[in-house]
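In what follows, a structure is listed as C-alpha cells, so that the remarks can point back to it.
The values are calculated or read from the model by the stated rules, or taken from the named source; none is laboratory data. These numbers were taken from a predicted model, which means no experiment stands behind them. Every residue, glycine among them, receives a Cβ derived from its backbone with ideal geometry; neighbour counts consider all protein chains shown. The accessibility values were calculated without ligands, DNA or RNA, using every heavy atom of the protein model including side chains. Shrake-Rupley method; radii C 1.70, N 1.55, O 1.52, S 1.80 Å.
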Amino acid sequence: MLDMTWIQLVIFVLASFRLTRLIVFDSITWFIRKPFMHIVENTDENGKIIRQMAISGTRVRRWSK
C-alpha cells in the first residue's frame, strides 16, 4: 500500500498539473504536439489575430471526439 502524507499528495498533484500544462500549452514542447495539432490563426472584426489549436490527423492521431 502507498504510504503518502498529505503534503506529498499536494506536491504530487501540483507537479502533475504543471507537467500537463507544460506539454499542452508551452512552446518548448511543440515538437510533442506537432503530429497531433496545428495552429490556426484567425483575424476577428477588430483586426486582432486569434491563435487556436486544431486537431489534425485521422484514426489514432485524431484522438478527440
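Residue pairs whose Cβ atoms lie under 9 Å apart, separated by 6 or more positions or on different chains, with the first residue in region 38-65 and aromatic (Phe, Trp, Tyr) and the second at pLDDT below 85, are Trp63/Phe36; Trp63/Ile55; Trp63/Gly57. A residue that is open to solvent by 100 Å² or more (accessible area, probe 1.4 Å), at pLDDT below 85 and outside any loop (DSSP other than H, G, I, E, B) occurs somewhere in region 17-35.
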